[in-house]
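Enquirer: Sharing a structure below in structure tokens format, with a few things to ask.
What follows is calculated from the coordinates using simple rules that are stated; it is not laboratory data. These numbers were taken from a predicted model, which means no experiment stands behind them. All Cβ positions, glycine included, derive from the backbone under ideal geometry; neighbour counts span all protein chains shown.
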Amino acid sequence: MNSKTKTDRLIKKLEKACAGLVYISETDAEILPVTLGPIENLTAANMLSKLNKTKDDLIEEANSSIFFDRLTTERDWHTSVDKNRIRRFAKLRSILEENLNELKIFRIGKIQICIYVIGKTTDGIVAGIKTSTVET
């Protein structure tokens, strides 16, 4: 199976897992699959370059668990709707962890922040999800 086919299959899985899923912050934002093509080293500097940002743009890099831990932890006060959303985020996390290496989160911006949870396929293609948040 060639790399395009593998990446296409992953994107189809991500599209299905992301459909209707929302990242809740001061404004709710949809979660979308993303591919960025090959990036030799998945670093903050290379991400800025790939996204046509400058070195002056604020970027934070972290382990992907920073993004998912809050979204996949069930609390006593959660409703059935909350629990369903938690299961969906857990499924999305599994898809990413099973199909991507070097899984990381990149947060770009200050108040309006673009969030990328991405990693590399076995062929070196960078893929994952993106969303946004507002933090004031």
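Enquirer: Tell me, in nm to one decimal, what length is gained between residue 101 and residue 56 on full extension, where the rule is 0.36 nm per residue of separation less the Cα-Cα distance?
Expert: Values: separation 45, 0.36 × 45 = 16.20 nm, distance 2.77 nm.
Answer, rounded to one decimal: 13.4 nm.
Enquirer: Taking each pair of distinct Cα atoms in segment 3-134 once, what is the resulting Kirkwood hydrodynamic radius in Å?
Expert: Working: mean 1/r = 0.0658 Å⁻¹.
Hydrodynamic radius (Kirkwood, Cα pairs) of segment 3-134 is 15.2 Å.
Enquirer: Another question, then. Sort 118-127, 40-49 for me by packing, meaning the mean count of neighbouring Cβ atoms within 10 Å per residue, highest on top. Intermediate results must be reported in sequence, preceding the final value.
Expert: Values: 118-127: 18.1, 40-49: 14.8.
Ranking the peptides 118-127, 40-49 by packing returns 118-127, 40-49.
Enquirer: Run the simple label-point estimate for residue 84 and residue 24 please: 7 Å along Cα→C-beta, distance reported in nm.
Expert: Taking the two extended label points, one gets 1.3 nm.
Enquirer: Okay, moving on. State the extension gain, in nm to one decimal, for the chain segment bounded by residue 40 and residue 15, taking 0.36 nm per residue of separation less the distance between their alpha-carbons.
Expert: Numbers: separation 25, 0.36 × 25 = 9.00 nm, distance 2.51 nm.
Difference between extended and current length: 6.5 nm.
Enquirer: On full extension of the chain, what length is gained from residue 77 through residue 65, given 0.36 nm per residue of separation minus the C-alpha to C-alpha distance?
Expert: Numbers: separation 12, 0.36 × 12 = 4.32 nm, distance 2.23 nm.
Going from the current span to full extension adds 2.1 nm.
Enquirer: Evaluate the distance, in nm, between pseudo-label points positioned 7 Å from the Cα of residue 5 and of residue 111 along their respective Cα→Cβ axes.
Expert: About 5.0 nm separates the two model spin labels.
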